[in-house]
Structure formats: C-alpha cells, structure tokens
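Written out below as structure tokens is the structure these notes cover.
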Amino acid sequence: MVLLLAQIDTWDLIKESQPVPIGVMLLLLVVSVASWTVIFAKWGTFRKARARNLSFLRAFRKSENLQTMATGVEQFPLSPLVSIFEYGYEEVDRQLKSRGTLGNRLAMERSLQLGVSEELGKLEQSMSWLATTASISPFIGLLGTVWGIMDAFTALGTAGTASLRVVAPHIGEALITTALGLAAAIPAAIFYNYFSHQLREMAARMEDFSLEFMNLAERSFGD
C-alpha cells in the first residue's frame, strides 16, 4: 500500500479531494502562513528590543543623574527600557514639583511596574496566535484525516471489492491533512516556547532596570 501511495502524485490527490478535505487543507495552509508571519515578526521585535535596550542601558549606567539621562532619551527610540524610564521619571518629576524631594518610594515603584507591564504586553502581542496554532492544528488535520478514511470506506463499499486502488487515494488524502496539521503545529509550538523564554528574560532585565532607576533617582534627588 505504501508503494501504491508513493506512485500517486500528491498534487493529483489534492485536486481530486472532496470539498471538506480541501477546505481543511486550505485552512491549515492559511494558519501556517499566518503563524510563520508572526514568527518572523516576533523574531525581529525581540532582536531589535535587545539591541536597543543594550544601547540605552550603557548610556544610562554612564549618566551621573536622571536629569542628564532624561534629556537624551530621544537618542534611543523604541527601546522598551526607555518607556519604563519615562514612566519612572514622570513620577520623580511629580514628586519633586510637589515636595522638592523624593518622599514616596512606593509610588515610584508602582509607576515603574506600570511601564514594565505595558512593555511586556506589547512584546506578548500575537504570541497567543502561536499557542492557538500549536493546539488546534493537529485536531484540524485530524478532522481531514477522519473524513478521508470515511471516504475510503465509502468508496470501498461502492466498489464492492477490497482493492487498494480504490482506497489508496482517499488514504493519501487523509495523510496529507495529517501532515499539514503537524507542519503548522510543530513550528508554532517550538517558537512559542522560544519566545516565551525570551519574554521571561526580557521581564527580568526590566525588573533589574527598575531597581537601577530607583537607585539613581535616590542618589540624584534623595534626602
């Protein structure tokens, strides 16, 4: 049977498939293309975020006080750490204008945490699509597989004879949907786990930066 399936052209199997398996194949193709689009986009997003954060962090650690750094943040556009810095600096500026000094460390911590949450939310965008693709694609492929097997038994009953030539095209059609389901799910699962790891690392860097920000703020404006 394997030899017979090998002799059948895959494209011919697809062209001769029933509407439901064809619909399943098209759906899996769309899901797979969308998944790879997200993968390439997230790969570029994380790569750029790491590079921009590194450049900003180097400048931040060389700065003598927050005011000096605040005047130069425009040099580091789209860095997640810059957004966190701006959240923290707004709270510092608010306290300085109202009290003349930093008197509410908790408020500063909360402002920095808001910045961290917002930036992590941006980095998490579209990752749910990868998780969904990894979860449902095998089941969508299984639907096409079951339908192909049902077609095989129907053809077998219609032909009235147990011939491999009768059932082989339908079995091949079922295997194609299975393969497409796995082809969509496996990369999505791999890269979802990879990006989740990158996100955890980014979150740790942001938390560390928040501590560095508070230390510099207290050195610059503390009592």
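Any read-out appearing in this document is the output of simple, stated calculations on the displayed coordinates, not a laboratory observation. Because the structure is predicted, anything quoted here is derived from the model rather than measured. Here the Cβ positions follow ideal geometry from the backbone for every residue, glycine too, while neighbour counts run over all protein chains shown.
Would you mind putting 176-186, 110-120 in packing order, based on average other-beta-carbon counts within 10 Å, highest first? Each step should come with its number before you reach the end.
Details: 176-186: 20.2, 110-120: 18.4.
Highest-to-lowest ranking by the protection proxy: 176-186, 110-120.
Given +1 on the Cβ of Lys and Arg, -1 on the Cβ of Asp and Glu, and no further charges, what dipole in debye does region 14-112 carry about its Cα centre, rounded to the nearest 20?
Working: 14 positive and 8 negative charges, 58 e Å.
In total the dipole reaches around 280 debye.
How much length is gained on full extension from Glu86 to Val20, taking 0.36 nm per residue of separation minus their Cα-Cα distance? Let's see the in-between values first.
Details: separation 66, 0.36 × 66 = 23.76 nm, distance 5.35 nm.
Full extension from Glu86 to Val20 adds 18.4 nm.
If the chain between Asn215 and Trp36 were fully stretched, how many nm would it gain, using 0.36 nm times the residue separation less the Cα-Cα distance? Intermediate values should be presented prior to the final figure.
Details: separation 179, 0.36 × 179 = 64.44 nm, distance 4.17 nm.
Length difference between fully extended and current span is 60.3 nm.
Per 0.36 nm of contour for each residue apart, how much would the distance between Ser196 and Thr71 grow if the chain were fully extended, relative to their Cα-Cα spacing? Let's see the in-between values first.
Working: separation 125, 0.36 × 125 = 45.00 nm, distance 3.36 nm.
Additional length available on full extension: 41.6 nm.
Based on the alpha carbons, how large is the Rg to Rh ratio for region 14-74 when Rh follows Kirkwood?
Working: Rg = 23.4 Å, Rh = 15.6 Å.
Rg/Rh for region 14-74 comes to 1.50.
For the pair Ser98/Leu54, report the inter-label distance in nm, with labels modelled 7 Å from Cα in the Cβ direction.
With each label placed 7 Å out from Cα toward Cβ, I get 4.0 nm.
If you count, for each residue, the other Cβ atoms within 10 Å and average over each peptide, how do 98-108, 63-73, 134-144, 24-34 line up from highest to lowest?
With the highest mean Cβ count within 10 Å placed first, the list reads 134-144, 24-34, 63-73, 98-108.
Mark the label point 7 Å from the Cα of Ser63 along Cα→Cβ and return the residues of region 87-101 whose backbone N is within less than 18 Å of it.
Output list for this probe position: 87-97.
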